[in-house]
Every structure is written in C-alpha cells, then in structure tokens.
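Comments concern the structure below.
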Amino acid sequence: MIKINNQDDMIQVAELYLHQHKNYSQNDIFDMDEFEKYYQARELIKTWNNQPKEILNNIILSLEINDINYSIIN
C-alpha cells in the first residue's frame, strides 16, 4: 500500500496525476485550493492501493521518477 509522506508531496501528486486518473482538467486542478488538492490526491491514492500489483508497481515507478516521497505499508 502506498502512503505519501508529507503534504507538499500529496499536493504534487494531485497536480501531476489527477487529470490522468480522474475527471479533471489541468485548469480545474490549477484552480483548486491546497486542501482540495490534498483531499483529491488522498482519494486517488486509495484507488491506487486497490489496483493489482502490476499496476501498483508502475505507479510506484512513476512516483520515483517524479521524486515524490512515499512509503510502502504492508
């Protein structure tokens, strides 16, 4: 299970991934306040954590490429 380690990284997740995985445009995300970005990213991570292991591994690789601090919790 993926856990994002701090608020700034959670907001970065929202800015990088919400438009790819949810029904938001990049402008929608830009217009969100930080609390909404944090909340939406948290919800996105919940869906990620329910994905098959192969997909989850790809997401983890993407987080590493984008230099986002995360933890794996078993």
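The values are calculated or read from the model by the stated rules, or taken from the named source; none is laboratory data. All figures in this text were calculated on a predicted structure; none of them were measured in a lab. Because the Cβ atoms are built from the backbone with ideal geometry, glycine has one as well, and the counts that use them run over all protein chains shown.
So in the range 1-52, with the set limited to residues that are under 12 Å from Y70 (Cβ atoms) and over 10 Å from the mean Cα position of the chain (by Cα), which one is modelled with the lowest pLDDT? Even if it seems obvious, please write down each step before you answer.
Step one: of the range 1-52, the residues under 12 Å from Y70 (Cβ atoms) are 1-6, 9-10, 12-13, 41, 45, 48-49.
Subset that is over 10 Å from the mean Cα position of the chain (by Cα): 1, 5-6, 49.
Values: M1: 94, N5: 88, N6: 94, N49: 97.
Among those that are under 12 Å from Y70 (Cβ atoms) and over 10 Å from the mean Cα position of the chain (by Cα), it is N5.
Considering (1) hydrophobic (A, V, I, L, M, F, W, C); (2) modelled with pLDDT under 95; (3) within 13 Å of the chain's Cα centre (by Cα), say which one I73 fails and leave the rest.
Of (1) hydrophobic (A, V, I, L, M, F, W, C); (2) modelled with pLDDT under 95; (3) within 13 Å of the chain's Cα centre (by Cα), only one is false for I73: (3).
Please work out which one of (1) farther than 16 Å from E15 by Cα; (2) without any contact (Cβ under 8 Å) to a residue 60 or more places away in the chain; (3) within 13 Å of the chain's Cα centre (by Cα) is the condition I55 fails and give its number.
Checking I55 against (1) farther than 16 Å from E15 by Cα; (2) without any contact (Cβ under 8 Å) to a residue 60 or more places away in the chain; (3) within 13 Å of the chain's Cα centre (by Cα), the one that fails is (3).
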